[in-house]
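The structure that follows is given in the form of structure tokens.
The values are calculated or read from the model by the stated rules, or taken from the named source; none is laboratory data. Worth saying up front: this structure is predicted, and the values here are computed from it rather than measured. Heads up, the Cβs are rebuilt from the backbone with ideal geometry, glycines too, and the neighbour counts pull from every protein chain shown. Heavy atoms of the whole protein, side chains included, go into the accessibility calculation; ligands, DNA and RNA do not. Shrake-Rupley method; radii C 1.70, N 1.55, O 1.52, S 1.80 Å.
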Amino acid sequence: MENILEIRNVSKKFVSKKKEILAVDNITFNVKYNEFLSIVGPSGCGKSTLLRMIAGLEKPTSGEILMEGRRIEGPGAERGLVFQQYTLLPWRNVLDNVAFGLEIRGMPKKERYEIAKRFIKMIGLEGFEEAYPYELSGGMQQRVAIARTLANDPKIVLMDEPFGALDTQTRTILQHELLRIWEKEKKTVIFVTHSVDEAIYLSDRVIVMTARPGRIKDIIPIDLERPRKRDTLEFIEYRRRIVNILKDEVLKSYNMYNYSKDV
Amino acid sequence: MDIKKVIMPIVGLVLWELLAIWLNNPVVLPPVENVIKILINPQITLLGTGTLVENTLVSIKRVLSGFIVAGVVGIPLGIFMGYFSTVMDLFDTVIELLRPIPPLAWVPLALAWFGIGETSMLFIIFIGAFFPILLNTIAGVKGVPKILIETAQTLGAREKDILLKVVIPASSPNILTGLRIGAGIAWMCVVAAEMLPGSSAGLGYLIMYAYSLSRMDVVVASMVIIGIIGLTLDRGLRYIEDRYFRWRYLIK
């Protein structure tokens, strides 16, 4: 079997008292084993919603999502999600945060600490095992959250703008680290981002979504050798192409906000 | 210690002493030294009703019993009410109706149900401590950020793990606040409950008995003890809050 994930005609409608919002509209795509897939799109295009549906935190209004042929009915450890927000448990230190998934699985302390320490080292926070989240910077917290998800050994790693709140330098380092981990651990990664650059730098394929309601506008395979250089002609050409596709959509979403009364 | 903090207590003591000398009537206002004499000799039997220490211990024991029962019932109920909306719907109306009733309004019913004596007093203390514990626990559980629960779910947590490893630790600072407020109210209730008929020991009883014998020095000495213990209780629990739940104030 080639595909780890199949998203079939998935739509998501949010219903509130006043109105219905179609967030995701009839999306279909597959994700291959060990693939690094990015999703870009204008704000509010439903990319986070899509990710949350894959994680099992939201149910599709119609359509279905299959993982290894089985329908996803709820959240599970085989699909780890790194949230955009800071989500460390504030009463646990770094070590116990990273070991959390293994702990609820019932793994003995010694064993889970060993694994957690390995991942803490990997994200460059060796020596911070005893630190509490409030003692860490935002970037450090996000790295711990990534380590926590990876230590839990999910088959699919879902990442929702995980580097969004970080400065450029930290961001570049973590992108590099993420690729290294992905290559080493043979994970499947689905990565939602605002940054076209980031998507091209990281991914095997980039999905470009339309403004709300979110549909797939285009899927662009990135045929570049890794490690990629951001200043090569090919890279710049990919960027130009995706930015162009995206520009219309961003404008559209902007107009939608302005003329929402007419819609 | 900051000198400004002790100025007013000293001024108060001096005024009290001057007033007592001027009035020269210990039945209205006992002189400071009479009260201090009782406080520094807490092992002396007072008015044939036991020593100050004995009476204090009786009150503390009652508070602890009522308070512990309130915690044992209030915390789990609060957790379930905060977490499961069905449980909330079941109990919410009843609790909202009972909550505004002051503990002392329960006295006649308590006496009718449990008779004059220990059980009635425990019941009053229980009522006093129960609601702050329950309501703070509910607020704590409801205030657990949804994203922490979702995080746990994507790491494979089941309902039991979420409750034990996310919801309870996340709401524990609020639970402790509830316990602190509950303890304060319980301490007030015990004194009131001990003033009821049928009581034969405790600080509240001592106050009422001394009053009937016009021994205001004993009344005031007992009041001082009540104040000191209430303060210690509050400070102790605050210390635990600051020491073990520091993360609560420092979340980024």
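Somewhere in the range B:177-194, is a residue closer than 18 Å to A:W91 by Cβ and facing another protein chain (nearest Cβ under 7 Å)?
No, because not a single residue in the range B:177-194 is closer than 18 Å to A:W91 by Cβ and facing another protein chain (nearest Cβ under 7 Å).
Here's something else I'd like to know. Being away from chain A (no Cβ under 14 Å) and under 30 Å from A:V98 (Cβ atoms) narrows it down to one residue among B:K142, B:K146; which is it?
Within the list B:K142, B:K146, the selection yields B:K142.
Output yes when any residue across the range B:62-81 is open to solvent by less than 50 Å² (accessible area, probe 1.4 Å), within 20 Å of the chain's Cα centre (by Cα) and among the polar types (S, T, N, Q), and no when none is. Break it down into steps so the answer makes sense when it comes.
The first filter runs over the range B:62-81 and keeps only residues open to solvent by less than 50 Å² (accessible area, probe 1.4 Å), leaving B:62-63, B:65-67, B:70-71, B:74-75, B:77-79, B:81.
Within this subset, residues satisfying the condition of being within 20 Å of the chain's Cα centre (by Cα) are B:62-63, B:65-67, B:70-71, B:74-75, B:77-78.
Those still in the list that are among the polar types (S, T, N, Q) too: B:65.
Yes; the residues of the range B:62-81 include at least one that is open to solvent by less than 50 Å² (accessible area, probe 1.4 Å), within 20 Å of the chain's Cα centre (by Cα) and among the polar types (S, T, N, Q).
Condition (residue is at negative phi and either over 18 Å from the mean Cα position of the chain (by Cα) or open to solvent by 50 Å² or more (accessible area, probe 1.4 Å) (or both)) applied to the range A:191-201: is it met by at least one residue?
Yes.
Please work out if B:D234 is modelled with pLDDT under 85, within 21 Å of the chain's Cα centre (by Cα) and either among the β-branched types (V, I, T) or in a helix (DSSP H, G or I) (or both).
no
Follow-up. Give me the pairs: first residue in the range A:210-233 and on the phi < 0 side of the Ramachandran plot and assigned to a loop (DSSP other than H, G, I, E, B), second residue of a type in the set (S, T, N, Q) and open to solvent by 70 Å² or more (accessible area, probe 1.4 Å), beta-carbon distance under 7 Å, and six or more apart or on different chains, which are they?
Taking only residues 6 or more apart or on different chains, the pairs are A:R215/A:N26.
Return the residues of the range A:108-136 that are touching a residue at least 12 places away in the same chain (Cβ under 8 Å) and part of a loop (DSSP other than H, G, I, E, B); say none if nothing qualifies.
Across the range A:108-136, the qualifying residues are A:I123, A:G124, A:L125, A:F128, A:E129, A:E130, A:A131, A:Y132, A:L136.
Additional query: Assuming B:I229 fulfils every condition listed in (1) under 14 Å from the mean Cα position of the chain (by Cα); (2) crowded, with 22+ Cβ neighbours inside 10 Å; (3) not small (G, A, S) apart from one, which condition is it?
Single failed check for B:I229: (2).
Does the range B:109-127 include one or more residues that are modelled with pLDDT of 85 or more, within 14 Å of chain A (Cβ to nearest Cβ), assigned to a helix (DSSP H, G or I) and over 23 Å from the mean Cα position of the chain (by Cα)?
No, there is no match, as no residue in the range B:109-127 is modelled with pLDDT of 85 or more, within 14 Å of chain A (Cβ to nearest Cβ), assigned to a helix (DSSP H, G or I) and over 23 Å from the mean Cα position of the chain (by Cα).
Oh, and also: Restricting to the range B:25-38, name every residue that is open to solvent by 80 Å² or more (accessible area, probe 1.4 Å) and touching a Pro at 6+ places or on another chain (Cβ under 9 Å).
Within the range B:25-38, none qualify.
While we're here: When the range A:102-123 is examined, which residues are found to be open to solvent by 50 Å² or more (accessible area, probe 1.4 Å) and within 19 Å of A:K187 (Cβ to Cβ)? So that I can check it myself, show each step before the final result.
In the first step, residues of the range A:102-123 are kept if they are open to solvent by 50 Å² or more (accessible area, probe 1.4 Å); the result is A:105-106, A:108-111, A:114, A:117-118, A:121.
Answer for the range A:102-123, where residues must be open to solvent by 50 Å² or more (accessible area, probe 1.4 Å) and within 19 Å of A:K187 (Cβ to Cβ): A:R105, A:R118, A:K121.
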